[in-house]
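As structure tokens, the structure follows; a few thoughts come after it.
Taken together, the values in this text are just the output of simple stated rules run on the coordinates, not laboratory data. As the structure is a computational prediction, the values presented were derived from the model and not from experiment. All Cβ positions, even for glycine, are placed from backbone atoms using ideal geometry, and neighbour counts span all protein chains on display.
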Amino acid sequence: NAGVTQTPKFQVLKTGQSMTLQCAQDMNHEYMSWYRQDPGMGLRLIHYSVGAGITDQGEVPNGYNVSRSTTEDFPLRLLSAAPSQTSVYFCASSLASGGWNEQFFGPGTRLTVL
Amino acid sequence: KNEVEQSPQNLTAQEGEFITINCSYSVGISALHWLQQHPGGGIVSLFMLSSGKKKHGRLIATINIQEKHSSLHITASHPRDSAVYICAVSRGGSRLTFGEGTQLTVNP
């Protein structure tokens, strides 16, 4: 199994550009989520999904969209990039909803918005 | 005040030392997670626990639900243990609330 994969690993955008961060898992996990990691702060939840066709907002959803058309894929879209979105983005998945499920993380995408 | 507080923020140790990282939380939880973030950035799950103690190799995690406190111990530390250790809590759903992490450096 490849686990959780993310592309790209690095990305530089100009303010106002849009892009999609890709996330895929091959473990048939129901729960998937996107986090951002900023210096001096813990990981913060952007959006999450408890299954195909179901998504919901997390702690910091503004400026981001998600969709979940398949169990495997959970892309994160930046609609109009802003410098405040410079961060490291992690996708994670777990077998099911519920705090007792081990979370598996992707390798991260380092995004810089100029 | 953050719901999850870790201490210390930074920790430097000599190889072979016993290490303790602390995590305090202020809400009722269903599970507490300890994660390790490698220098390259990858994050892996070390432990999930809701009571008592768990051990995996040289790593031990304990939790005291009444005191809302957990500790991660590393015995016989090694330079390869150098990483950021992150505590996270779940309040019943899958949403986790994370601490800021503890940067551990183990010198040879």
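Filtering segment B:26-42 to residues that are facing another protein chain (nearest Cβ under 10 Å) and farther than 19 Å from A:G3 by Cβ leaves B:I29, B:S30, B:A31, B:L32. Of the strands (runs of 3 or more DSSP E) that lie entirely inside segment B:43-93, those containing 1 or more residues that are surrounded by 13 or more Cβ atoms within 10 Å (Cβ to Cβ), within 13 Å of another protein chain (Cβ to nearest Cβ) and under 10 Å from the mean Cα position of the chain (by Cα) span B:43-49, B:83-90. Being charged (D, E, K, R) and within 14 Å of chain A (Cβ to nearest Cβ), is that true of even one residue in segment B:16-25? No, segment B:16-25 has no match at all. All told, A:F74 falls short of being within 15 Å of the chain's Cα centre (by Cα) and either without any contact (Cβ under 8 Å) to a residue 24 or more places away in the chain or farther than 13 Å from A:T7 by Cβ (or both). Applying the criterion of being part of a strand (DSSP E or B) and polar (S, T, N, Q) to the residues of segment A:95-114, the residue that is nearest to the other protein chains (Cβ to nearest Cβ) is A:T109. Can we say A:A96 is loosely packed, with under 15 Cβ neighbours inside 10 Å, in contact (Cβ under 8 Å) with a residue 24 or more places away in the chain, touching a strand residue (DSSP E or B) at 6+ places or on another chain (Cβ under 9 Å) and small (G, A, S)? Judged against the criteria, A:A96 is a match.
Please determine whether any residue of segment B:3-11 is of a type in the set (V, I, T), assigned to a strand (DSSP E or B), at negative phi and surrounded by 13 or more Cβ atoms within 10 Å (Cβ to Cβ).
yes
Taking the options A:T7, A:T55, A:T20, name whichever one is of a type in the set (V, I, T) and closer than 23 Å to B:R91 by Cα. Exactly one residue qualifies, and that residue is A:T55.
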